[in-house]
1. For the range B:217-250, give me each residue that is farther than 17 Å from B:LYS98 by Cα and either surrounded by 15 or more Cβ atoms within 10 Å (Cβ to Cβ) or at pLDDT below 95 (or both).
2. Quick test of your reading of the structure: B:LEU403 fulfils all but one of (1) under 19 Å from A:ALA104 (Cβ atoms); (2) crowded, with 22+ Cβ neighbours inside 10 Å. Name the failing condition by number.
3. Out of B:ALA132, B:ALA123, B:ALA167, B:ALA155, I need the residue that is over 16 Å from the mean Cα position of the chain (by Cα) and crowded, with 21+ Cβ neighbours inside 10 Å. Which one?
4. Any residue that is surrounded by fewer than 23 Cβ atoms within 10 Å (Cβ to Cβ), among the aliphatic types (A, V, I, L, M), in contact with an Asp or Glu (Cβ under 8 Å, 6 or more places away or on another chain) and more than 13 Å from chain B (Cβ to nearest Cβ) - is there at least one of those in the range A:53-63?
5. Kindly indicate the residue of the range B:379-400 that is within 12 Å of another protein chain (Cβ to nearest Cβ) and either buried (at least 19 other Cβ atoms within 10 Å of the Cβ) or acidic (Asp, Glu) (or both) and also nearest to the chain's Cα centre (by Cα) among those meeting that condition.
6. List the helices (runs of 4 or more DSSP H) that sit entirely inside the range B:1-92 and contain at least 2 residues that are within 18 Å of B:HIS205 (Cβ to Cβ).
7. If you scan the range B:218-271, which residues turn out to be of a type in the set (Val, Ile, Thr) and either assigned to a loop (DSSP other than H, G, I, E, B) or at positive phi (or both)?
8. Evaluate the following for A:ALA68: is it small (Gly, Ala, Ser), away from every other protein chain (no Cβ under 14 Å) and under 30 Å from B:ASN352 (Cα atoms)?
Amino acid sequence: MSNYDMYKEQILDLYKHPLNKGSIAHHTHQAHKENPSCGDGFTIQFLVKDGIIVDAKFAGSGCAISTAGASLITEKVKGMSIHTALGISSDEMLALLGIPVSAARLKCALLALEITQDALTPSSTSPKVSQ
Amino acid sequence: MITNERAAAFRSDFPLLTHNERLVYLDHAASSQKPKIVLSAMDSFYRSSYANVHRGLYKLSEDATTQFEFSRQKIAHFIGARSEEIIFTSGTTDGINKLALSILSLLPYGRRKILLTELEHHANIVPWQQFAKRHGFTIDFVRITNDFQLDMEDAKRKLDDSVALFAFSHVSNVLGTIQDVTKLCRMAKDKFIVTVVDGAQAVAHMPVDVYAIGCDFYVFSGHKLCGPTGIGVLYGRKQLLEKLPPFFYGGHMIQTVSKTDATWAGIPARFEAGTAPIVEAIGLAAAVGYLQTIGLDDIHSWEQQLSLYAREQLMTVKGLRFYCGPAHKCIGIISFTLDGVHAHDIASLLGNDSICVRAGHHCAMPLSTVIGVNSTARVSFHHETTTQMVDQLVDSLKKIVALFAGRQ
């Protein structure tokens with residue numbers, strides 16, 4: 001497959017104009033992860049109220065595919081329960097991206113999903129903020 | 001002398017490149033392609049000469065041993081050393097790790113500091129960090145200047161009586177800069193500091209003479225030198241090797257073994273436990289011969305000419321920023337970024353045009369932090385790189401810039 005196929009309009013657009021970039025002052029969940037081999041690294045923060053994800057934001061930098069992934073997953077999970085969000089599979093993530101992803105770029109495509117899972121999985125919550 | 005025509009002709013020495021006409025291989029700093037002469041040396045050894053070495057009393061083994069030791073001699077000569085000063089390892093990383101296991105007793109008594117530099121590869125940082133933790137040492141780093149060279153004033157200041165060991169690279173795998181290794185070793189020697197030089201990026205691109213440099217230890221990998229993977233060299237000055245304790249134990253490195261203890265063999269056997277990378281050594285010697293026939297001075301000169309040309313052409317790419325030293329002080333490595341395009345995307349899209357480059361921090365995270373970029377793209381040249389390849393690189397980069405700017 002052509003690598004150029006991966007760089008459809010949506011990906012480039014999300015790279016240049018990312019959704020949900022920033023931070024949440026009183027976030028209830030967060031996690032950070034990097035792809036050490038290529039210099040992608042993000043922190044994703046979530047605000048969860050009564051089990052529902054009310055807000056999600058990401059900070060950091062990465063390649064076009066990982067950045068697009070971060071925009072897409074943070075947008076997707078808003079309004080979902082933690083349980084539903086944790087149920088998002090790798091295949092669904094790739095479908096969100098809507099592009100063919102080569103084996104070499106799979107880590108980039110799935111990075112934000114992994115961070116989301118790390119953040120929302122019960123054992124890894126950040127210090128709770130009283131609500 | 002290497003001209004562009006001659007460089008183009010070298011391509012036919014490499015089966016992989018011959019069979020992939022469109023491939024533009026610009027990742028020599030990661031690893032080199034292998035010439036026919038290396039492949040056939042290894043293949044024919046396996047087919048006609050192979051036996052385990054050093055211990056067989058039959059002709060096949062004796063001949064294999066002779067060839068193996070002749071390879072060692074050839075490699076020793078390549079860097080201006082003696083045979084017994086050449087220890088075969090599985091690569092640069094392996095060599096440095098092994099040295100870190102044994103070197104404590106060689107260090108000046110009472111000193112508790114290891115000095116590194118900001119431009120080191122992880123292979124020449126992490127083993128020393130672990131050494132420091134094990135033995136209660138501290139680590140300091142010689143800084144780099146704003147134009148990406150090692151700060152010699154800072155080196156002079158930091159090479160003092162508190163330093164036991166100074167480990168630094170001959171050539172930076174990111175910035176391409178050639179350090180003044182002779183001067184640095186002399187400054188260290190004045191203070192009785194043990195020197196370890198990482199030559200992984202140097203030996204394939206310029207002549208190296210370890211006696212002239214005056215270092216105590218010098219390490220490099222075979223696979224970056226047109227040789228096979230799985231072999232490298234740790235050179236140690238004879239007087240030091242004779243005092244160095246072994247790092248790995250087993251067969252060949254012993255003299256006698258009882259139920260309770262063992263005595264050690266002489267050098268370099270003491271440092272080569274187990275079965276050696278026999279065929280890899282044959283391959284490495286063939287690689288060394290291949291490069292010597294071309295001439296390391298000529299290779300160095302060609303890479304510098306090509307670098308100058310490449311820098312000129314790369315300057316025409318909008319938003320390209322260089323992260324490398326001045327051309328005349330470098331080998332053929334150029335690291336760069338493109339505004340608005342992540343290095344990973346650059347490499348991916350260049351790959352689409354059959355251009356092979358590297359992206360990331362190149363196993364030099366501390367350096368990335370110092371120069372202030374997470375990720376750079378890196379191209380690296382060798383004797384078979386041509387100006388046409390540089391032109392193709394530049395054309396592709398311009399396409400990438402256009403794609404990300406929204407014009408295609």
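The values are calculated or read from the model by the stated rules, or taken from the named source; none is laboratory data. Values in this document were obtained by computation on a predicted structure and should not be read as measured data. Every residue, glycine among them, receives a Cβ derived from its backbone with ideal geometry; neighbour counts consider all protein chains shown.
1. Once the filter is applied, which keeps residues that are farther than 17 Å from B:LYS98 by Cα and either surrounded by 15 or more Cβ atoms within 10 Å (Cβ to Cβ) or at pLDDT below 95 (or both), the range B:217-250 yields B:HIS223, B:LYS224, B:LEU225, B:CYS226, B:GLY227, B:PRO228, B:THR229.
2. B:LEU403 satisfies all of (1) under 19 Å from A:ALA104 (Cβ atoms); (2) crowded, with 22+ Cβ neighbours inside 10 Å except (2).
3. Unique residue meeting the criteria: B:ALA155.
4. Of all residues in the range A:53-63, those surrounded by fewer than 23 Cβ atoms within 10 Å (Cβ to Cβ) come to A:54-55, A:57, A:59-61.
Still in the running and among the aliphatic types (A, V, I, L, M): A:54, A:59.
Narrowing further to those that are in contact with an Asp or Glu (Cβ under 8 Å, 6 or more places away or on another chain): none.
No, every residue in the range A:53-63 fails to be surrounded by fewer than 23 Cβ atoms within 10 Å (Cβ to Cβ), among the aliphatic types (A, V, I, L, M), in contact with an Asp or Glu (Cβ under 8 Å, 6 or more places away or on another chain) and more than 13 Å from chain B (Cβ to nearest Cβ).
5. It comes out as B:SER396.
6. Counting at least 2 such residues, we get B:4-10, B:59-78.
7. B:THR229, B:ILE231, B:THR260, B:ILE267
8. no
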